[in-house]
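This report refers to the structure that appears directly beneath it.
FYI, it's all coordinate maths here, none of it is from the lab. A quick note: this is a predicted structure, and the numbers were derived from the prediction, not measured. Here the Cβ positions follow ideal geometry from the backbone for every residue, glycine too, while neighbour counts run over all protein chains shown.
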């Protein structure tokens with residue numbers, strides 16, 4: 001039973017994320033030893049999201065192949081659950097968070113890399129790994145959107161979920177600062193309290209905009225918007 005190209009592609013993307021995560025975790029970097037470890041960085045959280053998402057995609061593909069020609073209603077029901085989970089993760093996490101990480105990182109990096117990715121990190125993270133974390137996420141998620149139709153949740157539910165994630169991460173960043181006295185990102189050290197609030201609000205709005213972009217793009221590609 002041969003796999004179709006898009007299934008092979010998803011498996012390859014999953015393996016690439018596993019490789020990136022393993023290489024990143026293997027780096028002996030001081031920031032990994034402080035409170036929150038790697039989990040304080042949105043880039044790392046996004047990598048985990050992408051790896052889990054593509055893992056679900058591969059699992060869905062395998063389940064679909066195994067249930068093809070099978071009349072078992074229970075297996076069909078389980079497959080539909082997997083597809084629903086896959087679509088929800090794509091809509092709410094994989095696309096908006098992935099696009100946000102790529103666009104925000106490179107926008108700030110181009111303006112002043114010291115605000116988001118100090119030159120000191122070049123001593124720990126090779127260029128290929130940096131691009132694996134901050135560049136390839138975008139083409140990978142766009143490839144997935146182009147090759148597979150995803151059923152988006154209702155707009156209100158989708159935006160509520162995205163807001164929950166964004167606010168949750170912002171609170172996590174603030175908690176880390178409360179515990180350690182150090183902001184996760186150097187950029188925040190340069191902002192006054194009032195500007196920080198505006199910045200966090202803007203970040204929440206932007207990630208919601210990316211959710212809407214994903215919804216519109218999905219509908220455009222698959223012509224589901226009548």
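Odds and ends about this structure:
- Only residues that are surrounded by fewer than 21 Cβ atoms within 10 Å (Cβ to Cβ) and in contact (Cβ under 8 Å) with a residue 60 or more places away in the chain were counted in region 45-61, giving 1.
Matching residues to (1) free of Cβ contacts under 8 Å to residues at least 24 places away in the same chain; (2) more than 18 Å from the chain's Cα centre (by Cα); (3) buried (at least 19 other Cβ atoms within 10 Å of the Cβ):
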{"residue": "74", "(1), (2), (3)": "yes, yes, no"}
{"residue": "78", "(1), (2), (3)": "yes, yes, no"}
{"residue": "85", "(1), (2), (3)": "no, no, no"}
{"residue": "90", "(1), (2), (3)": "no, no, yes"}
{"residue": "105", "(1), (2), (3)": "no, no, yes"}
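- Count of region 141-191 residues which are without any contact (Cβ under 8 Å) to a residue 24 or more places away in the chain, part of a helix (DSSP H, G or I) and under 28 Å from residue 17 (Cβ atoms): 8
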